[in-house]
Amino acid sequence: MSSSLFNHYCWLSIVIFLICKTSFSQSPLATTGNWLMGFNQTRLHDKWSIHTEAQYRSFEITPNTEQMLLRGGINYHINNYAFTSIGYAYITNYAFDKEQLSGVQVSENRIWQQFLIRNNLGRCLFEHRYRLEQRWIQSSNNNRYLNRIRYLLRVTVPLNKKEIEKNTLFLSFYDEVFIHLSPTPFDRNRLYGAIGYQFLPNANIQLGYLAQTVNITTKQYLQAAVFYNIDFRKKE
């Protein structure tokens, strides 16, 4: 397949994303919220690394806590394009409250496993992530256990360089679907688009928009994320 055809395939994916965004926008939209996120991958060995992340999610643009998430895991790198992971996450959920007096309404302990694979098509970097989750959810009047499957497809397109390196401006898009192993399987869908800047070889910042659809209701979020990776492997 030629490089020109690869590039056409990448731009077709972006057009499909924009069409989907328009269709989702026709659903009822709640007040716009925001997510603030930090991600790290610390490489310890050619085969092993550690994943850590923290996310603050707000009902509104101004602070009004909806959810806080802490997630960590261990990655095993099969090669430069694929790795598997296992980890743990702790999540707290809050009720909408202008005064933020409600406290934690629901908490969750979660074990997760995933397989992630990347491939380049022309200038575009494609990422497929398959994740399994075992979820123990606790509230004041109900305790539940759920199994969930997630699939994410992401495409990243550098704008001013041929690949992502220092001083690269890029676009990033993804769609992720969440499926419960239950009689009513659909949980939610997340559609995301962002502009990013790789300000160091191992760090970038992304500012984006996310539409999360639960049942038939879509809520919009503005997102800001920092990705910072550390590599402790010895350099030859």
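Each value in this text was obtained by applying a stated rule to the coordinates, not by laboratory testing. Because the structure is predicted, anything quoted here is derived from the model rather than measured. Cβ coordinates were reconstructed from backbone atoms using ideal geometry, including for glycine residues, and neighbour counts include every protein chain displayed.
Work out, step by step, the length gained on full extension between Arg118 and Ala224: first 0.36 nm times the residue separation, then minus their alpha carbon distance; give nm to one decimal.
Details: separation 106, 0.36 × 106 = 38.16 nm, distance 2.31 nm.
Stretched out fully, the Arg118 to Ala224 stretch lengthens by 35.8 nm.
Once you put a point 7 Å from the Cα of Thr184 and another 7 Å from the Cα of Ser107, both along the Cβ direction, what distance in nm separates them?
The answer from the label model is 2.7 nm.
Listed here are the pairs Lys166/Lys234; Lys47/Lys219; Lys161/Lys219; Lys166/Lys219; which of them are more than 32 Å apart at the Cα?
Too far apart for the 32 Å limit: Lys47/Lys219; Lys161/Lys219; Lys166/Lys219.
Determine, from the Cβ-Cβ distance of Ser140 and Tyr209 and an R0 of 30 Å, the FRET efficiency 1/(1 + (r/R0)^6), rounded to the nearest 0.05.
0.30
So for the pair Asn80, Leu132, with labels modelled 7 Å out along Cα→Cβ, what separation do we get in nm?
3.0 nm
Pop the C-beta distance of Glu163 and Thr62 into the FRET formula with R0 = 45 Å and round what comes out to the nearest 0.05. The partial results should precede the final answer.
Numbers: r = 38 Å, r/R0 = 0.84.
Result of the calculation: an efficiency of 0.75.
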